[in-house]
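Heads up: the structure comes next, in structure tokens.
The values are calculated or read from the model by the stated rules, or taken from the named source; none is laboratory data. Here the structure is a predicted model, which means the values were calculated and not measured. Reconstructed Cβ throughout: ideal geometry from the backbone, glycine too, with neighbour counts over all protein chains shown.
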There are 2 protein chains.
Amino acid sequence: MKNIIKGTVQCLLFVLAFTQWTVAQVTDDFKPASSNLLGAEFPKISSDFRVSLRLNAPDAVKVQVAGNLTGGKVIDMTKDTDGNWTVTIPPAVPGFHYYWFLVDGVRVNDPGSDTYFCFNRPTTGIEIPTPGEDFFMPKNVPHGDVREHWYFSDITGKWRRAFVYTPAEYEKNGAKKYPLLFLLHGSSENERGWSQQGHMSFIMDNLIAEGKAVPMVVVMDNGYATDKNAKPVVQPAVQAAPQPANTGTPAGTPPGQSAASTNVPSTLSIVYVKDIIPSIESYYRILPGRENHAIAGLSMGGSQAGLIGLNNLDLFASIGIFSGAIHGLTEPKVAYGGVFANAADFNSRVKILWSGAGTAEEMQLTRQNEYKKKLDDLGIKVTYYESPGTAHEWHTWRRFLKEFAPLLFK
Amino acid sequence: MKNIIKGTVQCLLFVLAFTQWTVAQVTDDFKPASSNLLGAEFPKISSDFRVSLRLNAPDAVKVQVAGNLTGGKVIDMTKDTDGNWTVTIPPAVPGFHYYWFLVDGVRVNDPGSDTYFCFNRPTTGIEIPTPGEDFFMPKNVPHGDVREHWYFSDITGKWRRAFVYTPAEYEKNGAKKYPLLFLLHGSSENERGWSQQGHMSFIMDNLIAEGKAVPMVVVMDNGYATDKNAKPVVQPAVQAAPQPANTGTPAGTPPGQSAASTNVPSTLSIVYVKDIIPSIESYYRILPGRENHAIAGLSMGGSQAGLIGLNNLDLFASIGIFSGAIHGLTEPKVAYGGVFANAADFNSRVKILWSGAGTAEEMQLTRQNEYKKKLDDLGIKVTYYESPGTAHEWHTWRRFLKEFAPLLFK
């Protein structure tokens, strides 16, 4: 409740700030985005958060920009006499946004900006400033490493890659064991998202240095898995065809899955239990016991964290659902193996159940309010949080990690 | 000498293999490249190593393909009635190649393939098989981690990122210290190249598991550095403008730098001595002493490894120059602080000086033969190697690491 009030106050401050921007004199103080590649002049952002984009394409007939940055709109760009196509747009909301150019209909990344894995391919991203926030930036504190960790998965019959954050002190305490948090990415993204787009290592470094979070190992694995014995199925679509303009980050699991569906272990659940957790526990110094293990994820990964965590409470005592879903609450005695059937049992067994949505992501916020009502009625204790002014994008999830991690393993 | 003979024999085998391909019946057994993104049908490679490319662009006027894959040529693609542009090409040589489409003149990455940092931007790459070689693939052996390591550089006034390989046994030997190898990337690439394009962790895992290389820590840092007090200069060009078709990977340091120039410490040299080495030695368990430290690099990074290593023989006893250069040998008593002035001294002080070039990279091979002649005349001991059939690309450098690493720290 305190967090909701805090969130609402912050939200009002944001609305005020936005209002100020719109009435302020339009400025022309554009500077290269902080996310630009070294030396790139474009994209540029003004102090009132308009974004100036440019692509040199003298022979193109039509150039447009699309993606989360434009709020899903396809915006035409204008060609000058040098063959540069330009446009200046207000971003949908502050935060981290994917975007791309459409050059005669073909999706093209901005050569001035880095790429990040989303929409099943490397896609341009841009950082729109969120004033007054630096919790996700590198500071003069001890820094942990993010490790690329390869292991063989018996279930999928393939080599898999996880990224593993070990806190700075892990190097200096050769015998000490650490609690373990799993962080899952969203639909069409991959295991690199949390460390690249999410800046998770800087968030954790800062929280640990301030004494707000206990030092922990954080594992980020891939959210897709296919059983080696399964018939070949169509994989997440990677099309050579140009995609229609997307309205933003894929929104993850659709709402309204049945209670029964929450009891069927997915291949990913099995990979977690049989491959990922044993591989991590045998390689790193991990504290045993469910009270030392947590799982959280965003969007599709939030729903997966719920499925894997709630169905395996012998393995996890804390669960975080970031812009995700809790399904099947029309039959609360059936969903997730019946964990919600007895609220007193659940509340004593689950140390943290945490749920967050951004105030600018309507579907997820509505969904959160819907399951909040049902879980409140059941007496299930959940910590809720709303990220002021942000949408279905990474800055929302950075804030969630900053709120969630300090609650763990205490 | 033994290596040169071995290389020459391998080269002849390659020529024979190539000849077989060309006389073999043309087959249509195209399969998705091993480097494709999950589920992508294109690019496809046939068993005789032709590459079939496709891009859907119904509204484009002209679509072409260019890059290392085409040997620097710009090749027109043909549009079918579905708006798919296609072409089938023979790759320049086997190995790892960058390429891109030109859609009405704009450089576009292949949506079916992953991107790798080169030409100062994320650029599509493809793996063309090199028959009979799997030394760079993951095997059922203990795997080390590649860690993203952040540290603040006083010289540049900026946060820098290194990638650090720690061998699998590093986790299990909490007190043991390890020797240290620095690996430098090439021009317009970045610190992720050796682990991503280079597969260095699998190469090291396999060498260590076979007992061919001693377990070592390998550090891959960025090859660019600007002093914080320097006047702003134009950085490596990141242009929104479409680039002309490149003939391949940027070829690195031009030949023919003066002997005097090899005595001036670059900003990167200073960053290595004052920032990178202290940061690594304070964070990881590193054996002290020059005989436990080596430095090697490819192309531009090979020349840098020579400059940093030969000018700091108090820090490094082993140096590897991969498709790089040794400069200033018209004045051998002056070059690199005069290290070549006394061959007996040099040969007793330097444990390994190693130099390699691919037989299909003419400039680098010619240059290597030129400095080999001069260093032979001076009596300087160098181990030379030629990679059969490969060009100025990552498969050449993977082979160099496989040859070089087993010589170190013994």
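Filtering the stretch B:159-173 to residues that are more than 7 Å from chain A (Cβ to nearest Cβ) and at pLDDT below 95 leaves B:Lys172, B:Asn173.
Among the residues of the stretch B:60-95, just one is of a type in the set (Ser, Thr, Tyr) and within 21 Å of B:Glu362 (Cβ to Cβ), namely B:Thr70. For the stretch A:373-395, the set of residues classified as in contact with a helix residue (DSSP H, G or I) (Cβ under 9 Å, 6 or more places away or on another chain) and within 12 Å of A:Phe96 (Cα to Cα) consists of A:Thr390, A:Ala391, A:His392, A:Glu393, A:Trp394, listed by residue number. For the stretch A:143-158, the set of residues classified as surrounded by fewer than 17 Cβ atoms within 10 Å (Cβ to Cβ) and more than 8 Å from every other protein chain (Cβ to nearest Cβ) consists of A:Asp154, A:Gly157, A:Lys158, listed by residue number.
So that you can scan it fast, the table gives a plain yes or no per residue for (1) within 26 Å of the chain's Cα centre (by Cα); (2) among the small types (Gly, Ala, Ser):
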| residue | (1), (2) |
| --- | --- |
| B:Lys44 | yes, no |
| B:Arg50 | yes, no |
| B:Gly71 | yes, yes |
| B:Asp82 | no, no |
| B:Thr86 | no, no |
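For (1) within 25 Å of A:Leu408 (Cα to Cα); (2) touching a Leu at 6+ places or on another chain (Cβ under 9 Å); (3) part of a strand (DSSP E or B), each residue gets a yes or a no:
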{"position": "A:His143", "(1), (2), (3)": "yes, no, no"}
{"position": "A:His149", "(1), (2), (3)": "yes, no, yes"}
{"position": "A:Thr156", "(1), (2), (3)": "no, no, no"}
{"position": "A:Trp159", "(1), (2), (3)": "no, no, yes"}
{"position": "A:Phe182", "(1), (2), (3)": "yes, no, yes"}
{"position": "A:Pro215", "(1), (2), (3)": "yes, no, no"}
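Restricting attention to the stretch B:96-110, the residues that are out of contact with any Pro (no Cβ under 6 Å at 6 or more places or on another chain) and either among the charged types (D, E, K, R) or modelled with pLDDT under 95 (or both) total 2. B:Tyr272: within 28 Å of B:Glu393 (Cα to Cα) and not polar (S, T, N, Q), yes or no? So B:Tyr272 passes the test. Residues that are part of a strand (DSSP E or B) and either within 13 Å of chain B (Cβ to nearest Cβ) or touching a Phe, Trp or Tyr at 6+ places or on another chain (Cβ under 8 Å) (or both) were ranked within the stretch A:45-62; the one that is surrounded by the fewest Cβ atoms within 10 Å (Cβ to Cβ) is A:Ser52.
Out of A:Pro129, A:Pro138, one residue alone is more than 24 Å from B:Leu38 (Cα to Cα), touching a residue at least 60 places away in the same chain (Cβ under 8 Å), touching a Pro at 6+ places or on another chain (Cβ under 8 Å) and not aliphatic (A, V, I, L, M). It is A:Pro129. Taken together, the criteria place B:Arg121 among residues that are crowded, with 23+ Cβ neighbours inside 10 Å, closer than 30 Å to B:Lys231 by Cβ and either of a type in the set (Phe, Trp, Tyr) or touching a strand residue (DSSP E or B) at 6+ places or on another chain (Cβ under 9 Å) (or both).
Within the stretch A:161-180, the set of residues being assigned to a loop (DSSP other than H, G, I, E, B) and in contact (Cβ under 8 Å) with a residue 24 or more places away in the chain comprises A:Pro167, A:Ala175, A:Lys176, A:Lys177, A:Pro179.
When the stretch A:67-110 is limited to residues that are without any contact (Cβ under 8 Å) to a residue 24 or more places away in the chain and hydroxyl-bearing (Ser, Thr, Tyr), the one that is surrounded by the most Cβ atoms within 10 Å (Cβ to Cβ) turns out to be A:Thr78. The residues in the stretch B:174-196 that are facing chain A (nearest Cβ under 10 Å) and polar (S, T, N, Q) can be counted, and the count is 3. Among the residues of the stretch B:210-217, are any among the β-branched types (Val, Ile, Thr) and modelled with pLDDT under 95? Scanning the stretch B:210-217 turns up no residue that is among the β-branched types (Val, Ile, Thr) and modelled with pLDDT under 95.
Residues checked against (1) in contact with a Gly (Cβ under 9 Å, 6 or more places away or on another chain); (2) closer than 30 Å to B:Gly67 by Cβ; (3) crowded, with 17+ Cβ neighbours inside 10 Å; (4) at pLDDT 95 or above:
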| residue | (1), (2), (3), (4) |
| --- | --- |
| B:Thr249 | yes, yes, yes, no |
| B:Thr253 | yes, yes, yes, no |
| B:Asn263 | yes, no, no, no |
| B:Val271 | no, no, yes, yes |
| B:Lys274 | no, no, no, yes |
| B:Ile280 | no, no, yes, yes |
| B:Tyr284 | no, no, yes, yes |
| B:Gly289 | no, no, no, yes |
